[in-house]
Amino acid sequence: MRAAASFSGPRNALRGRHPAVHKSHGALRTIREPVSVHGTVFGCAAVFLVGYLPGILLGRNGTTTLGQQLSTFYTAQDRLMVWSDLFISQSAAFFLQLLSVWLCGFTAFGFGLLLLLFAGKGLFLGFCSANILTLEGTNALCLYWISDCLPQVMLLLLLLWLAGHATALSHGVFQSIFLGGAPRGRLIGNARRLTIRFLLCIPMSWFIGLLCSGLSVLLVRFFL
């Protein structure tokens, strides 16, 4: 009886220690949870707005060569009169932006790259808007908003939705490289979810380009 008690004592002690180990692993797993989708969407939208304001300040004088070239390109009637050419160029630009966000998910520092991407997008749109207003006037700016800014803002919603899942995958890649591995199944699951959403965003971007390019072709004669 004493021998059985002596063997059962350490065994019960070990059993009592398992919950503590489980709790410690749970705490570690909680610390390593990826950035939430909502947090990523908020952060990327914020840096987009932060980048838009400096772009306006940089282009408000309209004295830079780049700004003058962009203003001439985006307000050219030849570009806006042919619906098929405008739709193809917008669809290609949309695909490249979606592809960039998708690729950021497969890098260890994807969240930082996404912030730079959205800040640069806001900077570019603000820079173009300020130059067009200064060099071409209000009518040209209204047409630019309809033909380019409106589809870019609509695409921004898709990019933000995709960026949230890209950040989750990127965090798993970071864990695999620097923290000893992501939880089992999470990396593959996040990659699958990101890819499915990327493929869904492509035809949705086509619809945005189809709608906005057709609208700009109809309204180009009223603004230029």
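The values are calculated or read from the model by the stated rules, or taken from the named source; none is laboratory data. Owing to the predicted nature of the structure, the values given are computational and were not obtained by experimental measurement. When we count neighbours, we look across all protein chains shown, and the Cβ atoms used for this are built from the backbone with ideal geometry, even at glycine. Remember, those area values only see protein heavy atoms, side chains included, never the ligands or the DNA or RNA. Shrake-Rupley method; radii C 1.70, N 1.55, O 1.52, S 1.80 Å.
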Inset, instruction - Would you check which residues across region 184-222 are surrounded by 15 or more Cβ atoms within 10 Å (Cβ to Cβ), modelled with pLDDT under 90 and charged (D, E, K, R) and list them? - result: R186
Inset, instruction - Being open to solvent by 50 Å² or more (accessible area, probe 1.4 Å) and of a type in the set (F, W, Y) is the filter; apply it to region 72-88 and report the residue that is modelled with the lowest pLDDT. - result: W83
